[in-house]
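Encoded as structure tokens, the structure appears first; notes follow it.
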């Protein structure tokens, strides 16, 4: 099984443990509402208790789609403690365990690092400039693969002077990571969760007051 799917199953299990007491409270609430309305039902509390689990399933389906879309975009699926984003020309910015230190690699994370221990970087076109842990300034031309180590900060920043100050590794990753597709994905998630909760409310709360539930 794909590693991120294993983690997704694990996190879903944790959410299910959280959903259990919530479901019990919803069942108790539904049962008490039925008693007050004079139409107690054994089925209604059960389905009320299933609401948080239904929401978890809906969110899980959404996340699988979102993670797949992210990987198609050259991004990590946002599961676990590793992050990656496509920079340009097949180069990736990868972070493992720590979001403040990154590595530039070619084609896939886990490969031979081109530059590692990156603390800050910036990009202008196909040129990436940055600095690593040991204050080693570098300039990488992704189009040609040429890597130059520069001892002076001003010389390193010269190719991208108009782009402004460098960003921390996480800020650079975040700007690559988040965009309009993510905003659309969140809207899709809301459009999936809201109707699920609304349908539950109409069938298990409003419907019961009309006296149609046995």
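Counting neighbouring beta carbons within 10 Å and listing from fewest to most, the residues 11, 91 come out as 11, 91. Taking every C-alpha pair closer than 8 Å and separated by at least 6 residues, the mean separation divided by the residue count of the range 82-177 gives a relative contact order of 24 percent. Volume per residue for the range 82-177 equals 85 cubic angstrom (convex hull of Cα atoms).
Any read-out appearing in this document is the output of simple, stated calculations on the displayed coordinates, not a laboratory observation. Because the structure is a prediction, the values reported are computed rather than measured. All Cβ positions, glycine included, derive from the backbone under ideal geometry; neighbour counts span all protein chains shown.
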